[in-house]
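Just below is one structure, and these are the notes that go with it.
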Amino acid sequence: MPAESVAPPAVTDDHGGRTIRRLVAVLALAAVLPALYLPGLVHDFFDLKIYMRAMEWWAAGNPLYDYVQPDRVQGELYFTYPPFSALLLLPFSALPLGATVAIFTVLTGLGVVVTTRWLVNPVIARHDLPRLFTLTVAVLLVFAVESTRETITFGQINMLLVVLILADLLFAVPGARRWAGVGVGLATALKLFPGIFIVYLLATRRWRAAAVASVTAAGATLLAAALAPGDSWRFWTHELWATDRVGRTDYTGNQSLFGLLSRITAPEKPDRLIWLLLVAVVAAYGLWRAARAARAGNPLTGLTLAGLVGALVSPITWTHHIYWFIPAVVVLVDAALGADPSYPAGARRRRRLAALAVGTSAVIIYGVVSFQDWGVAAARTDSPGEFLARNMYVLLSLLLLVTLPVGVKPGESHQSDRPTE
């Protein structure tokens with residue numbers, strides 16, 4: 001009898017179909033990006049141009065903080081960064097403006113790719129996600145977020161600060177490296193907002209890293225003072241406290257607690273005592289939860305909460321400053337994937353966290369100012385709908401301060417997922 005033929009295994013198109021679906025998803029996301037960036041083209045690298053014109057003014061022998069540029073919305077805008085930032089920006093004044101724009105844009109793009117990889121790689125490894133597809137989608141989504149769009153179209157330096165902070169707090173500090181704290185210190189010397197992470201290091205009892213960060217910031221500041229003593233003295237004794245030099249505090253782009261209060265009381269300034277009380281409560285609660293997250297072995301949640309606290313308590317927090325919604329989404333997605341859906345509590349937890357991640361993503365992609373014209377004059381918030389729309393990031397930051405999971409190590413199921421015997 002002839003030998004029985006063995007039929008080859010059936011060939012399915014599951015793999016090919018999955019690849020096609022992923023490719024379509026990536027192309028769809030990439031196709032949406034130009035439409036999201038279109039409104040921001042009117043910014044025309046406005047902030048970067050202020051930096052460069054201020055550097056030219058300074059290089060010509062003029063006082064750095066005398067430079068002023070008129071603005072349709074904010075009135076008059078000045079160079080407001082610390083002198084150490086000016087020292088690093090000064091060499092760019094020798095380049096053609098187009099070259100400087102290209103360098104800043106490329107560096108911001110590289111910063112987005114590198115930091116997104118840092119955030120997403122552990123999630124991919126913990127949950128066995130398709131690496132290339134997940135990273136590609138994550139990078140495209142980060143480019144879609146309003147804070148990234150505003151950073152690129154205004155020509156801001158925010159991604160440099162994010163790279164320094166994340167390198168420090170995700171790798172150097174948890175690994176107890178000798179240089180732990182240097183990144184946070186340099187970022188603080190460049191732009192004061194990152195100083196909240198020195199407070200975070202103190203709250204988490206990372207004494208050595210906090211000391212290194214403080215010494216680094218002080219050293220960079222003293223270097224600037226040695227090279228530009230007059231401008232340094234003027235900045236630290238006067239310009240630092242003149243918030244009106246940065247712009248109107250009631251403008252919708254200022255998504256801080258002080259901005260929220262300013263929009264309620266405009267055109268009058270809000271009561272400083274009320275603001276300070278709110279700052280104290282928010283800072284104490286947010287940093288307490290950040291410290292809990294760090295003690296639980298979750299540095300990403302800890303630094304994210306610290307970043308949100310910084311955005312809330314700063315008098316001026318423009319939308320492009322609030323990068324910290326991005327790691328918040330990563331934390332939520334990671335926790336949702338780690339919830340055990342085989343138990344009702346775990347399934348509910350997964351749905352809740354996933355909904356919060358999707359909702360946060362939708363808010364920060366659409367944004368607060370990108371697609372709205374809030375006018376040029378001080379206007380008081382006079383309806384619940386307007387209050388919600390004009391303070392969306394403030395309210396979202398407060399919500400995330402309360403809801404980001406802090407008591408579970410990444411990759412572990414929440415204890416409440418499983419019923420007790």
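Taking Val68, is it closer than 22 Å to His320 by Cβ, of a type in the set (A, V, I, L, M), modelled with pLDDT under 95 and over 27 Å from the mean Cα position of the chain (by Cα)? For Val68, the condition - closer than 22 Å to His320 by Cβ, of a type in the set (A, V, I, L, M), modelled with pLDDT under 95 and over 27 Å from the mean Cα position of the chain (by Cα) - is met.
Table: residues versus (1) of a type in the set (S, T, N, Q); (2) touching a residue at least 12 places away in the same chain (Cβ under 8 Å).
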site: Leu201; (1), (2): no, yes
site: Ala211; (1), (2): no, yes
site: Val215; (1), (2): no, yes
site: Ala225; (1), (2): no, yes
site: Pro229; (1), (2): no, no
site: Glu239; (1), (2): no, yes
site: Thr249; (1), (2): yes, yes
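Based on what the data block shows, is Arg292 buried (at least 21 other Cβ atoms within 10 Å of the Cβ) and either assigned to a helix (DSSP H, G or I) or touching a Gly at 6+ places or on another chain (Cβ under 8 Å) (or both)? When the stated conditions are applied, Arg292 does not pass them. Of the numbered criteria (1) over 27 Å from Ala211 (Cα atoms); (2) modelled with pLDDT under 95; (3) among the aliphatic types (A, V, I, L, M), the one Ala138 fails is (2).
Can you spot a residue in the stretch 125-132 that is touching a Gly at 6+ places or on another chain (Cβ under 6 Å), crowded, with 18+ Cβ neighbours inside 10 Å and either within 21 Å of Thr360 (Cα to Cα) or of a type outside the set (Asp, Glu) (or both)? Within the stretch 125-132, not a single residue is touching a Gly at 6+ places or on another chain (Cβ under 6 Å), crowded, with 18+ Cβ neighbours inside 10 Å and either within 21 Å of Thr360 (Cα to Cα) or of a type outside the set (Asp, Glu) (or both). No other residue among Asp340, Asp334 is in a loop (DSSP other than H, G, I, E, B) and either in contact with a Leu (Cβ under 9 Å, 6 or more places away or on another chain) or at pLDDT 85 or above (or both) apart from Asp340. Applying the condition of being closer than 30 Å to Leu141 by Cβ and among the acidic types (Asp, Glu) to the stretch 1-28 and asking which residue is modelled with the lowest pLDDT yields Asp13. For first residues located in the stretch 170-183 and over 19 Å from Ala291 (Cβ atoms), partners that are polar (S, T, N, Q) and buried (at least 19 other Cβ atoms within 10 Å of the Cβ) and lie 6+ apart or on another chain with Cβ distances below 7 Å form the pairs Val182/Thr216. Here the stretch 135-179 is the region considered, the condition is being among the polar types (S, T, N, Q) and assigned to a helix (DSSP H, G or I), and the residue that is surrounded by the fewest Cβ atoms within 10 Å (Cβ to Cβ) is Thr136. Take the conditions (1) of a type outside the set (Asp, Glu); (2) at pLDDT below 95; (3) buried (at least 22 other Cβ atoms within 10 Å of the Cβ); Pro267 misses just one of them, which is (3).
So, in the stretch 209-223, of the ones that are buried (at least 21 other Cβ atoms within 10 Å of the Cβ) and of a type in the set (Gly, Ala, Ser), which residue ends up nearest to Thr188 (Cα to Cα)? By that ranking, first place goes to Ala217. Scanning the stretch 275-285 for residues that are over 20 Å from Ala379 (Cα atoms) and touching a residue at least 12 places away in the same chain (Cβ under 8 Å) yields a count of 5. If a residue must be of a type in the set (A, V, I, L, M), free of Cβ contacts under 8 Å to residues at least 12 places away in the same chain and not in a strand (DSSP E or B), how many such residues does the stretch 55-109 contain? The number of residues fulfilling the criteria is 7.
Scanning the stretch 371-405 for residues that are among the β-branched types (Val, Ile, Thr) and at pLDDT 95 or above turns up Val394, Val402, Thr403.
The set of residues in the stretch 377-393 that are polar (S, T, N, Q) and more than 19 Å from Thr317 (Cβ to Cβ) contains only Ser383. If you check every pair at least six apart or on different chains, which have Cβ atoms under 6 Å apart with a residue in the stretch 315-327 that is within 12 Å of Gly253 (Cα to Cα) first and a residue that is in a helix (DSSP H, G or I) and of a type in the set (A, V, I, L, M) second? Going by the 6 Å Cβ cut-off, the qualifying pairs are Thr317/Ala311; Ile322/Ala311.
The values are calculated or read from the model by the stated rules, or taken from the named source; none is laboratory data. On a predicted model such as this, the values are computed, not experimentally measured, just so you know. We place every Cβ from the backbone using ideal geometry, glycine too, and count neighbours over all the protein chains shown.
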